[in-house]
Amino acid sequence: MTREKAGRHTALATAGERPSRWAHRRHVLYGVIGSFVVVALVLAIAAYAKFNSNITRIDVSRMLGVRPTTTASSAGAHTAVNILVMGSDTRTGIGTDAYGKDTVEGGAHSDTNLLVHVSADRDRVLVVSIPRDSMTMAPKTCSDPNSTVANGEIRQWNYNFNLGGPGCTIKTLEGLTGIFVDHYVVIDFRGFQQMVDALGGVPVCTTSDIADKDAQFTLAAGHHILDGKQALGYVRVRKTVNDGSDLNRIKRQQAFLSSVAQEATSKGLLLRPDKLYGFLNAATKSITTDPEMGFGTMTSLANSVRNLGVDKIEFVTVPTQVYPKDTNRVEWRASAAKIWSAIRADQPLPGAGTKPTVTSSSTPEPLTVAPDKIDVRISNDSGVEGLALQAGAALAVQGFRLAGYTNGTTGDITGTVIAYAPGHKDAARTVAAAFPGSTLKVDAAVGETVVVRLGPGAANPVAVPNRLGSDPLPPMTVSAGPSATDGLETRKADADICS
């Protein structure tokens, strides 16, 4: 071989080697990336399998008998969901109380009872606290499907769990309210402690010193961050705080749950995989649910409300009065029916005693649909003559197109409800800006028109930022007036924990 040919051969060989070497490196890089992806998927699947296997499931459907008709409203891909959460007061595994008892007399009771309603549009969560000392009708024999509330007996609420577990509690609630319970969750004391510890503690605020022998708990007045054991004592304290009633303990528990919601949805938890894993592991290990409420269902539900802020979570306690036969017990007031009616209809709670969230002209989110592009129909649900006509005049001067007026049923709603069809939320937001404290509600039946329902407590219209013209709004000579709370005092999850 000549030197020229040899050189050319060498050059070709060298040139041929270079892409081969880089191709090898790319293959190695792709292999490493692929390995990471595979490992991540395996870990995700393993975590899912672990969380799912942590959950204890018990089917109680056989004891429930005839159940309410499922008439949950739907919005898009979702339907309304009702979950009954019960806190079991068994002390097994966490030590004894001040008297050396491992459990309460006669076994576990459900001292904490929460009915959680998630709206179909995933824009609201209502948490209803049911006082443990409530005297209500209940089935005589929990295990007998034919034994119902209607042919039952008067019994203290938390004894339903003692006699028949979650099935008896569900059966009683459904029979009293006509609400279909989609899922149930029982949380034990130990799990409660572990979840609080997994969060790194939960902030609380108390305005007075606490020293409770029964709960083995002391705390000085002020702000504190409690670990799991301390938090358990804090939410159990009753006899030595305020008037010693269960109703005041419920208020403290609601404030604590608000703080938990704020902590659990904070960026600190979401950006700490180890912390998030610990919380989910503790949560799933501590609960007992129905067979359909697996980790997948929980994940799907959590994902559907991922954009819902804590300001959309509302707590309310079933209104009660003294039970005549025993002044240490309570019975439900007639106004409790408003809570059950609102949940069955998937409507905002009427007559609640909280300040509404203002959606007036000061709303920070820009309005994208001009008033002259929106057809509005106004329904007078307040019983105040002339209210709809005057409200309509205040809208018309701003450019809104009035499509007509109707008279609704007084008592169905409280405040202002803005109903709109799917795909018309931006138009509804413009209308809502004219009514401070209004609530948006998806309703496919309204079609292209945005419907304004004015109930007791509705605020008078105001000018919207993108209004047409500059003429002043005509004066309102009538008003919807305040609505009676009927004991329906609510608390938002974003409220100050000291309030």
Problem - Those residues of the range 310-347 which are open to solvent by less than 30 Å² (accessible area, probe 1.4 Å) and assigned to a loop (DSSP other than H, G, I, E, B), in sequence order - result: 318, 319, 335, 346
Problem - Conditions (1) under 24 Å from residue 115 (Cβ atoms); (2) out of contact with any Pro (no Cβ under 8 Å at 6 or more places or on another chain): number failed by residue 179 - result: (2)
Handout entry: Restricting the range 412-445 to residues that are open to solvent by 40 Å² or more (accessible area, probe 1.4 Å) and part of a loop (DSSP other than H, G, I, E, B), the residue that is modelled with the lowest pLDDT
Key = 412
Completion exercise
Just one listed residue, out of 218, 206, is of a type in the set (Val, Ile, Thr), free of Cβ contacts under 8 Å to residues at least 60 places away in the same chain and buried (at least 19 other Cβ atoms within 10 Å of the Cβ), and it is 206
Completion exercise
Of the residues in the range 223-239, those that are at pLDDT below 85 and surrounded by fewer than 16 Cβ atoms within 10 Å (Cβ to Cβ) come to 239
Handout entry: Residue tally, condition assigned to a helix (DSSP H, G or I) and without any contact (Cβ under 8 Å) to a residue 40 or more places away in the chain, over the range 271-285
Key = 3
Handout entry: Subset tally (residues that are at pLDDT 75 or above, assigned to a loop (DSSP other than H, G, I, E, B), in contact with a Gly (Cβ under 8 Å, 6 or more places away or on another chain) and polar (S, T, N, Q)) for the range 468-499
Key = 1
Fill in the blank from the handout: Residues of the range 407-443 being over 21 Å from residue 372 (Cα atoms), without any contact (Cβ under 8 Å) to a residue 40 or more places away in the chain and not charged (D, E, K, R), in sequence order, are 407, 409
Completion exercise
residue 306 meets each of (1) more than 30 Å from residue 165 (Cα to Cα); (2) at pLDDT below 80; (3) touching a strand residue (DSSP E or B) at 6+ places or on another chain (Cβ under 7 Å); (4) open to solvent by 30 Å² or more (accessible area, probe 1.4 Å) with one exception, condition (3)
Completion exercise
Quick count over the range 137-178, residues being of a type in the set (Val, Ile, Thr) and open to solvent by less than 10 Å² (accessible area, probe 1.4 Å), is 4
Practice task
For the range 51-100, enumerate the residues that are part of a strand (DSSP E or B), at pLDDT 80 or above and among the polar types (S, T, N, Q).
Solution key: 56, 79, 82
Exercise for the section: State whether one or more residues within the range 311-328 are over 14 Å from residue 117 (Cα atoms) and of a type in the set (Lys, Arg). Expected result: yes
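The values are calculated or read from the model by the stated rules, or taken from the named source; none is laboratory data. What you are looking at is a predicted structure, and each value in this text was computed from that prediction instead of being measured. Every residue, glycine among them, receives a Cβ derived from its backbone with ideal geometry; neighbour counts consider all protein chains shown. All accessible areas refer to the heavy atoms of the entire protein, side chains included, with ligands and DNA or RNA removed. Shrake-Rupley method; radii C 1.70, N 1.55, O 1.52, S 1.80 Å.
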